[in-house]
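Notes for the one structure printed next.
The values are calculated or read from the model by the stated rules, or taken from the named source; none is laboratory data. On a predicted model such as this, the values are computed, not experimentally measured, just so you know. Here the Cβ is made from the backbone with ideal geometry for all residues, glycine too, and neighbour counts use every protein chain on show. The area values use the complete protein model at the heavy-atom level, side chains included, leaving out ligands, DNA and RNA. Shrake-Rupley method; radii C 1.70, N 1.55, O 1.52, S 1.80 Å.
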Amino acid sequence: PGWGEFVFPESCGGITTCARLTMQMQIFPGDEYFALDEDMLLFNVPGFGTFDLESDELSISYDPIMLEFTPLDDYTNGDTICGGLIRAYDTLGCPIPGETCCFIVDLQPPLFFDLFPPPDTTMENNDFDISLMIYDSIAGVRWDSVSGENFVVIVNGDTVEFDFSSAHPYVHIHAPSLVNHDTVTVCAIDIPDSPDYDYCPPNYGNICWTFYINLFEGPIAERIMPPPGCISACEGQEIWIAINDTDGIDSATIVVVIAGDTFTCANEQIAFIDDTLFFTPPDGFWSDGQIVDVSIIKADDLLGTPLQNPLSWTFYLDFSAPLAQLIEPLDLSLIHISEPTRPLYISYAVFCL
């Protein structure tokens, strides 16, 4: 008897990315004086059917005798395709057995998981690495062909440089410093899987996703008056503090401590107008020689973000005029000046409270 031997794909048992991979079997008749009996030939592919030479899927050529099967419809991703002769004879009636050839079909590109930051996420910090997992369930990822050249990072419309590293199946991208209100798009381009046959190119996976940076920076307090360390003689000395935030200030959260007393906008002495806190003391609130400590300890914006810079400073109050005391000459004393042109010096001391 003769025999049949597969020559394509080579070798059987591999993974293909071809949607209609052809199977070729070379047939060797057992005797050179007897030919293949074409009418008796049947080729079977489970899931697709049994075919003879009248079928469009099956054809034959000679010198050498080559039987070729090509499906009319695509294989399905993940299919295991097996084909082989189920009947073949030469013209003398001797059977021609043949081997069975199987292969696995992978029509799906690598997939992407665990995207970080997740798509359409607003990040409230900028201290992180961009990362993703790349996975291919059948052929696997061709990691030796994956590098930083397969990735693009775009910040506010401009492509930026980045550091790339991978620890299969994860990829890490360390982008340059991101700042508030940045829009970041990350793309993975042409990530290949790794089929066993090079008859068809790999499946290439692509993905792009976008995330945003909003650092939610809290309000900033700034002294307006009086300045720290100053000495004020104003008995109605006011205190002004600017409190600014792009999202607006929740005035109900403002807490300020002045000379040991705690005030909020619920107190009539406090007013918050156009991002400025005004403290107007009631009559008799200040005293001469007082050391005044001022602290703003809380002020949230309308998103609930706390004050960035709790602020404290000290100033002083002096409501008393200078006092003079005669030191020399003494009061009602009699002095003698022998030289009329000699000047007379009067000494006094000044005291400040």
Checklist outcome for this item: Of the candidates 186, 171, the one satisfying the condition of being closer than 30 Å to residue 218 by Cα, open to solvent by less than 20 Å² (accessible area, probe 1.4 Å) and assigned to a strand (DSSP E or B) is 186
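Which residue, of 1, 46, is open to solvent by 60 Å² or more (accessible area, probe 1.4 Å) and more than 13 Å from residue 82 (Cα to Cα)?
1
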Item to check | Top-ranked residue in segment 51-76 [being surrounded by 14 or more Cβ atoms within 10 Å (Cβ to Cβ) and among the aromatic types (Phe, Trp, Tyr); ranked as nearest to residue 24 (Cα to Cα)] | outcome: 69
Next on the checklist: I'd like to check something: does segment 288-296 contain any residue that is modelled with pLDDT of 95 or more and touching a Gly at 6+ places or on another chain (Cβ under 8 Å)?
Outcome noted: yes
Checklist entry - Out of all the residues in segment 206-222, is one or more within 30 Å of residue 130 (Cβ to Cβ), of a type in the set (A, V, I, L, M) and modelled with pLDDT of 95 or more? => result yes
Checklist outcome for this item: Within segment 77-121, of all residues that are of a type in the set (Ser, Thr, Tyr) and over 25 Å from residue 37 (Cα atoms), the one least open to solvent (accessible area, probe 1.4 Å) is 121
Checklist entry - Can you pull out the residues in segment 264-277 that are within 42 Å of the chain's Cα centre (by Cα) and surrounded by 12 or more Cβ atoms within 10 Å (Cβ to Cβ)? => result 264, 265, 271, 272, 275, 276, 277
Checklist outcome for this item: Note: among 113, 103, just one is over 20 Å from residue 188 (Cβ atoms), assigned to a strand (DSSP E or B), at pLDDT 95 or above and out of contact with any His (no Cβ under 7 Å at 6 or more places or on another chain), namely 103
Checklist entry - In this structure, is residue 247 part of a loop (DSSP other than H, G, I, E, B), within 30 Å of residue 153 (Cα to Cα) and open to solvent by 50 Å² or more (accessible area, probe 1.4 Å)? => result yes
Checklist outcome for this item: For segment 265-300 the number of residues that are touching a residue at least 40 places away in the same chain (Cβ under 8 Å), out of contact with any strand residue (DSSP E or B) (no Cβ under 6 Å at 6 or more places or on another chain) and within 30 Å of residue 247 (Cβ to Cβ) is 2
